[in-house]
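Since the structure comes first, as structure tokens, the remarks are kept for the end.
Read-outs: derived from the displayed coordinates by stated rules, not from any lab. Keep in mind that what you see is a predicted model, and the values were worked out from it rather than measured. Neighbour counts are summed over all protein chains in view; Cβ atoms, including those assigned to glycine, are modelled from backbone coordinates with ideal geometry.
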Protein chains: 2
Amino acid sequence: MSSIIESLYPVTLTGNDIALKRKEIKAYFHNTFDTYEKVFEVLKNDDVFYKQSEITRHPMIFYFGHTATFFINKLINMRIIEKRINANFESIFAVGVDEMMWDDTDTKRYTWPKVQDVRNYRDEVRNLVDTLIDTLPLTLPISKDSSMWIILMGIEHERIHIETSLVLHRQMPLKYIKTNDDFTILSSSSNTIKNEMISIPKASIKLGVSDTHGLYSWDNEYGKYKEEVDSFQTSKYLVSNAEFLEFVKDDGYKKEEYWGDEGKKFLKLSKATHPSFWVEKNGTYKYRALTQIIDMPLNFPVDVNALEAEAFCKYKSIKENLAYTLPSEVEYKAICKYVDLEDTLNLPKDKANQNLQNYSSCDIDTHCFNGIYDVVGNVWQWSRTPIFGFEGFVPHEAYDDFSTPTFDDKHALILGSSWASSGNLIMNDSRYAFRRHFFQNAGFRYVITNNKDKKEMDIYESDTLVSQYCEFQYGDTYFGVENFAKECAKIASKYTINTKKALDLGCATGRATYELAKTFDTVEGIDFSVRFVQVGTKLKEDGIVTFQSPEESELYTNKKVTIEELGYENLTKKVSFWQGDACNLKENFNSYDMILATNLIDRLYQPRLFLDTISERLNDDGILILTSPYTWQESSTKKEFWLGGYKDENGNDIKTIDTLQKILHNTFELIHTQDLDFVIKETKRKYQHTISEVSIWKKR
Amino acid sequence: MSSIIESLYPVTLTGNDIALKRKEIKAYFHNTFDTYEKVFEVLKNDDVFYKQSEITRHPMIFYFGHTATFFINKLINMRIIEKRINANFESIFAVGVDEMMWDDTDTKRYTWPKVQDVRNYRDEVRNLVDTLIDTLPLTLPISKDSSMWIILMGIEHERIHIETSLVLHRQMPLKYIKTNDDFTILSSSSNTIKNEMISIPKASIKLGVSDTHGLYSWDNEYGKYKEEVDSFQTSKYLVSNAEFLEFVKDDGYKKEEYWGDEGKKFLKLSKATHPSFWVEKNGTYKYRALTQIIDMPLNFPVDVNALEAEAFCKYKSIKENLAYTLPSEVEYKAICKYVDLEDTLNLPKDKANQNLQNYSSCDIDTHCFNGIYDVVGNVWQWSRTPIFGFEGFVPHEAYDDFSTPTFDDKHALILGSSWASSGNLIMNDSRYAFRRHFFQNAGFRYVITNNKDKKEMDIYESDTLVSQYCEFQYGDTYFGVENFAKECAKIASKYTINTKKALDLGCATGRATYELAKTFDTVEGIDFSVRFVQVGTKLKEDGIVTFQSPEESELYTNKKVTIEELGYENLTKKVSFWQGDACNLKENFNSYDMILATNLIDRLYQPRLFLDTISERLNDDGILILTSPYTWQESSTKKEFWLGGYKDENGNDIKTIDTLQKILHNTFELIHTQDLDFVIKETKRKYQHTISEVSIWKKR
């Protein structure tokens, strides 16, 4: 590819013509896949693919592979396809969007493949997705449970990575970057633009799209939310480099009074003295654009994180004795309402600096929306609102950890869009959030407001399933049945031969991982869903687990367990938590003395993929412990992959324990079985009482 | 209405134009509703509406109201509408398709309304359905979970009643019937038609429609079934009155050797000596058509029930020393395949005597399908196959007792269609079954075959939910928790003051009904679903409960409990079981000394409709016993109707027990509460352990 690609708008979900819709989806898929590959052309050569642009992020090769493997992993998990293209790629390229502990960026743990091999792999994925677009069952409108939804999800996921990869490329040292005229960098005028405040009238704001919304939307965009917004004032322009320069010159980065706790922590760690994309040289500042360092474009919006934006507001407030702050999500929507912002799909393409028309910001006085500039486009605008789920929020089954891990009061919504945004990112109802210290193509506008923040973030885990597991693992016991995680760890400690390293596979909220650390030197906890993994991680990092214990239907009691109460203070260093797929585990998860897989096998999409190779991850004398009630169900496992619970063609009962023996016989000796009860609380009056079978296998 | 109405074909589920689809549905609805009212014009006057054409069936007024109330009851149950049009009509006209014990036909129990009031009521229903057709959310193709599906269900339900009402009208004494030229009665030729046998080659037959089938289908039509059919011979024509006359003349109705056990029972009860629609006069036979008695149409197909058809086959087999029998379902499909029977929607309208083109049979040599006559149309053809569910069968939520109560080995499939069939009844994949002694517009053709009947009817209840309740009420106990039905009956006997009559409301499979009969003289058990009611009834009639107890996923153990084992031999006369809706109970359910409602209130669509009036059904000193775990859920009860388990607008917890006290306070005194556990087995290793709250209320 050489010339630039015009970015298409997302495909609508509605229509009458199935063949035409397939054509539209394919065009949009290619446009996205091509653009993603195109933006990697700014990397100087293949060696650069193995560089990290930031210590906390993967090397670029990961991202190059990741958006392709995403399609395959989701299609496999949703049981739409059964065969992987490259199991190794699809484990090492699996996870890595947000900067989180369980997003494993320790490069030494991997052997990264050749760039050309990843290019070939991307071509194979492209061909498969093409075939699926042509052949998957399709009715219109496309709904969330359609298999085509997973294709659209893969496309929109890649659109996000187009934007975040452009940030990573911009963070990469210039020596690794190729100048390329295809990526237009705009220039800035030397006019002085003075910011001013505009009054926004009070408004009744409704958020959330309905299930019949005509565009692909992420789960956090669905549902209902309503808030009355009182009148307030907003800055007419985004804050420019010129306006922010005053703050820098007034020693803004040095005066602690402008910075909150999180801000101070950021300053300490980053040692920042100016915005990240400014380059200091002999006391003056230049500006890092995507592929060049240019003279400071004073009228471009400044790129900062939320902590810098908040510090600026504090500085300006003290200076002017007025209360400047970042806008809330609903205040931003009131601004959109005030300027009659149209649907993106009806907006003239050059109305805003978005959708990859340019590969840089532009002057803040370029795009006027009925009196206010850059309501959308140019750079994202940090808000003061942590992202949360609307009433009726349900995680999408195929990507249940897209949103919920960010509903933690630590991820602030970014408003509008940037020059690098396209696809769902520039749709009016989309919602994206990042940690406040994170860099994006993001700046800010400020407001003066009396609006109180209505939504108090609930620190108690409100994710029903996660709460249920927290109660199960950290809550009370019922009907005299002992805590299951503790009992499993006791059994493991009784049967294990060596005690160096253990794996808690399907660790859920992590209780057994900690209990195992009483016996083992190192314990790794792995779960498929980050929704679960983050509980164990939070206990390690913050020393606390908080959750809602269900009482009667929607009534809950808040519960809290501290690391001291659990007696785990000295165990935190021994445990670590990771996201992973038991059917396609990364190679580096190996050399265990004991692997515990509780209530896992009957929830895997292809349990044999786990069982056939698990012995390779065990040391000599290693012990495998399985527990399961053998409740096979088609919603988790296609019937052809069940290990039991059905009659064969001759009418004989096939029982799981017999199949396990057949599969494991060559590599393991079955040394013990026993029943072990557990009770899961659904409400104060309703419980699941299950009797799992524990089977203990010694590696031959 | 005066002239005849041309019957429309069903609306397809697919299309691109929503407005057009609404128009098509409305036209089809009116066509159906009009035709139904039209066929009641054969009744001489309004007085006849209060006559029964058979002692086991309701008077005609019931059927006249029933098809309209069906729409309302289903729309209410599916929470599509919330307000009834006429609660009384919608209870008394609620149930009555199959001839079953729980289909209450004891006329003395009701005061039937005026015909004109029912006419007015039908007009109101028509207007409401019209509005819903215009306004319900609609996407194409229409799927089973669409609210429009319920409208289509109401229409097809009425199409069935057009056919069965025409049978009832034909059974009504002629003095009650008006001659009406709109209803064409055909005449028969005097040619002699000799039947002969045609060879049908072997065939591989697949049955069942997929979820993407383009026409409304009943739940029993979905799924998969496959059978290899060996070659066999079939009669070229349906059996005519002339052919059947030989059997009558040869004393076929008097010779027991032609009749099986069920046949002998039929002969004894009916005292039949000839087909039901033949009229004997001075040793010769005339023929009852819909509105007249005519000379015997020798070439019309004979109308008989399955027992008479089987007796004829036995007679003919003995006479010719050949094995004649009725065809199986798959053999019939092999005949259809052999003659290349086209889709009904492509069939010229006059190709077969169906779809109400005439209001009588026609000669059996009128409609030829590539060599075989009346493959569809004229009269239904009895099969030897009891109806069963295909692989993947799931009862439709809105009408869960349409099919499953007939999967009992006692309902034989009828094949083809009759002159009175229309709508889904004449679609190629439809499946209808009746008890073998039942009269329809049905005759038969015979076959000579070596095909064995592959499907052995499972006498064990395979309906998962019903089996689960059988195990719960009649199976083992687990975790030391006593049988819940027995414990509830003990509590009732402890707290009741008088012991004449009790009601077990939400009786499920009826165990508590029997247990209560140890204390009370009379106990009525009522449940919303016939799927459940039939279990208690079967125990009463056949002295046995059989069910599958789940072990591991799809593996089951068959269990059997006899009335002797239960010690209920002397209780059967005291109990009776009825289908009923706790939110709209028929008036005649009253004068109880005790009403037990176990685990009912949190599954009602509007629990207040039950609670607000229940005291009126109790005698002085009457006791109401509620048990519930208060697990409110939106799939059963819209949130606005929950009695607890939520926070009110001020953030206060609303608990069910408090709301119950508020609602019942004026009419009841709360005299006792206690917890009572129960355990429901899901598999050998998985149980629900629930703690219900028992509250005991004494009528003020």
* Compute the acute angle (0 to 90°) between the alpha-carbon long axis of helix A:329-338 and the principal axis of greatest extent of the alpha-carbon atoms of chain A; round to the nearest 10°. => 40 degrees
* To do: Express the relative contact order of segment A:203-337 as a whole percentage, based on alpha carbon pairs under 8 Å and six or more residues apart in sequence.
  => 25 percent
* To do: Could you give the size of the charge dipole of the protein assembly as shown about its Cα centre, using +1 on the Cβ of each K and R and -1 on the Cβ of each D and E, expressed in debye and rounded to the nearest 20?
  => 80 debye
* Beyond 17 Å, what share of the Cα-Cα pairs of segment A:141-202 remains, rounded to the nearest whole percent? -> 71 percent
* Taking neighbour counts of Cβ atoms within 10 Å as a proxy for exposure, in what order, fewest first, do A:690, A:659 appear? -> A:659, A:690
* Calculated label separations, residue A:262, copies of the chain, 7 Å along the beta-carbon direction, nm -> 7.3
* Structure fact -> Both in Å, the radius of gyration and Dmax of the C-alpha trace of segment B:248-360 are 17.2, 47
* To do: Output, in nm with one decimal and in ascending order, the distances from the residue A:638 label point to the matching label points of the other copies (7 Å from Cα along Cα-to-Cβ).
  => 4.1
* Asked: Just how large is the dipole of segment B:634-700 about the Cα centre, in debye to the nearest 20, putting +1 at every Lys and Arg Cβ and -1 at every Asp and Glu Cβ?
  -> 360 debye
* **Residue-span extension gain [residue B:428 to residue B:56] - 0.36 nm each, minus C-alpha spacing** => 130.8 nm
* **Interchain or long-range residues, amide H under 5 Å from residue B:672's placed H** => B:696
* Asked: Helix A:115-135 versus the longest principal axis of chain A: what angle, 0 to 90°, nearest 10, using Cα atoms?
  -> 80 degrees
* To do: Pull up the DSSP beta bridges for chain B and report the antiparallel fraction as a percent, rounded to 5.
  => 70 percent
* In which sequence would A:207, B:215 go, from the one with the fewest C-beta neighbours within 10 Å to the one with the most? -> A:207, B:215
* Asked: Arranged by the count of other C-beta atoms within 10 angstrom, fewest first, what order do A:637, B:667, B:192 take?
  -> B:192, B:667, A:637
* Asked: PRE reach from residue A:657 (point 7 Å along Cα→Cβ): which of segment A:598-612 fall under 18 Å by backbone N?
  -> A:598-602
* Asked: For segment A:527-627, what's the relative contact order in percent, using C-alpha pairs closer than 8 Å and at least 6 residues apart?
  -> 25 percent
* Asked: If packing is taken as the mean number of other Cβ atoms within 10 Å per residue, what is the order of A:566-573, B:533-540, highest first?
  -> B:533-540, A:566-573
* Using a 7 Å Cα-to-Cβ projection, residue B:666 label spacings across copies, nm, ascending -> 7.7
* Could you give the spread of the C-alpha atoms of segment B:555-700 along their three principal axes, from largest to smallest, in whole angstroms? => 54, 42, 27
* Asked: Hey, what do the phi angles of segment B:555-562 turn into as Karplus ³J(HN,Hα) couplings, whole Hz, using 6.51/-1.76/1.60 and θ = phi - 60°, x for Gly and Pro?
  -> 8, 10, 10, 7, 10, 9, 10, 9
* To do: Determine the dipole magnitude for chain B: charges of +1 sit on the beta-carbon of Lys and Arg, -1 on that of Asp and Glu, nothing else is charged, the reference point is the Cα centre, and the result goes in debye to the nearest 20.
  => 1040 debye
* Structure fact -> Length-normalised contact order of chain B, Cα under 8 Å, at least 6 apart, in percent, tallies to 12 percent
* Asked: Helix A:60-77 versus the longest principal axis of chain A: what angle, 0 to 90°, nearest 10, using Cα atoms?
  -> 50 degrees
* To do: Restricting to segment B:560-671, compute how many DSSP beta bridges are antiparallel as a %, nearest 5.
  => 25 percent
* If you line up the Cα atoms of the protein assembly as shown on their principal axes, what length do they span on each, largest first, in Å? -> 128, 70, 64
* To do: Go through B:680, B:285, B:644 and say which Cα lies farthest out towards the positive end of the charge dipole of chain B; charges sit on Cβ, +1 for Lys and Arg, -1 for Asp and Glu.
  => B:285
* **Amide H within-cut-off set for residue A:232, under 5 Å, with H built and near neighbours excluded** => A:200
* Per the Kirkwood formula on distinct C-alpha pairs, the Rh of chain B is how many angstrom? -> 27.2 Å
* Asked: Which residues in segment A:311-351 place their backbone N less than 12 Å from a point set 7 Å from the Cα of residue A:192 along the Cα-to-Cβ direction?
  -> none
* Asked: What is the spin-label model distance, in nm, from residue B:211 to residue A:139 if the labels are put 7 Å beyond Cα along the C-beta direction?
  -> 0.9 nm
* Asked: Given H placed 1.01 Å from N in the peptide plane, which residues other than close sequence neighbours of residue B:432 have an amide H under 5 Å from its amide H?
  -> B:414
